[in-house]
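Read the structure below first, then the notes.
Derivation of every value follows stated rules applied to the coordinates shown; laboratory data play no part. Note that the coordinates shown come from a computational prediction; the quantities given were computed from them, not determined experimentally. Reconstructed Cβ throughout: ideal geometry from the backbone, glycine too, with neighbour counts over all protein chains shown.
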Amino acid sequence: MGLATFKDLVIDAGDAARLGRFWADLLGRRLRRQRGGDAEIRGTRPQDTIWVNRVAEPKTVKHRVHLDVYVRSLADVEALGATVLRPRGDDRTWTVMADVEGGEFCAFLKDVPPDDRLPGLVIDSADPVAQAEWWANVFDGTVTHHLPGWSAVDEVADMPIGTFDFVKVAEPKTVKNRIHWDVTGAVDPLVEAGATVLRAAGRGLGWSVLADPEGNEFCVFRPR
């Protein structure tokens, strides 16, 4: 039994309608704009929802959390407004690209991309082994440690992304992540497991904002 269940994926944006349109088209999903400037991306299942939230702060550093995406061709992705940052090569099977707001993601070529085009959510980590084990405990998932320097968590209930992939990097976390995930659960058990409360629910806020042991923000919603 895990401490929480996966709820939603959330992407920060300077222009939620523009960034939401890019990701909706890339993933083959529907975009719905909301009052106030936010947007939501909808798939065929409730768990496919991605919230795109408008924020005031601009992107200033490399995404510490990014998405892996299956695509048919790089030209298709560039036609949506993306740019190539680092071509694939002998040492990697993916192309590093940037979305219309400069957010990094990795594109994997597939002749026929599956309906679920998100094989992985990738989190930069100082200690990927410890991070993967912590989140596997939270979600009651299965953890696999790979060499060199990355660990994966899969079999996470209700998560529309294949795996959580934690990869080792040298640089520390310096700013709030522009991609995060929401969970459903209780705050106290997560804190007892090592999370930190950044902002408690209340005063008009219907959820609590926590950080994992390496400072990655996530939002906790009470079960209905």
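Structure above, values below:
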read-out	value
Exposure proxy ranking, count of Cβ atoms within 10 Å, fewest first, for VAL220, VAL84	VAL84, VAL220
Of LYS62/LYS173; LYS7/LYS110; LYS62/LYS168, those spanning more than 20 Å from alpha-carbon to alpha-carbon	LYS7/LYS110
Helical mean residue ellipticity (222 nm; -39500 (n - 2.57) per DSSP H run of 4+; nearest 500) of the chain	-4500 deg cm²/dmol
Residue among PRO160, ILE179, PRO223 farthest towards the positive dipole end of the stretch 99-224, charges placed on Cβ	PRO223
Distance in nm between pseudo-label sites at ALA79 and THR142 (7 Å out along the Cβ direction from Cα)	3.8 nm
Virtual paramagnetic centre 7 Å along Cα→Cβ of VAL129, amide N under 14 Å, in the stretch 135-154	144-152
Three-way shape label, the stretch 77-165, alpha-carbon gyration tensor, a/c 1.5	prolate
Cα convex hull of the chain, projected area averaged across orientations, nm²	12.4 nm²
Debye, to nearest 20: dipole size of the chain, +1 on Lys, Arg Cβ, -1 on Asp, Glu Cβ	920 debye
ARG203-ARG30 FRET efficiency (beta carbon distance; Förster radius 30 Å; 0.05 resolution)	0.35
Burial ordering of MET1, MET159, fewest other beta-carbon atoms within 10 Å first	MET1, MET159
Considering only the stretch 1-129, percent of DSSP beta bridges that pair antiparallel, nearest 5	70 percent
Estimated FRET transfer efficiency when R0 is 30 angstrom, pair THR196-ASP90 (beta carbons, to 0.05)	0.15
The chain: antiparallel DSSP beta bridges as a percent of all, rounded to 5	70 percent
Normalised contact order of the chain, rounded percent, pairs of Cα under 8 Å and 6 or more residues apart	21 percent
Contour excess over end-to-end distance, with Cα ends at GLU155 and VAL112 and 0.36 nm allotted per residue	13.1 nm
Among ALA75, ALA16, ALA132: highest mean-square fluctuation, GNM of the chain, C-alpha pairs under 10 Å	ALA75
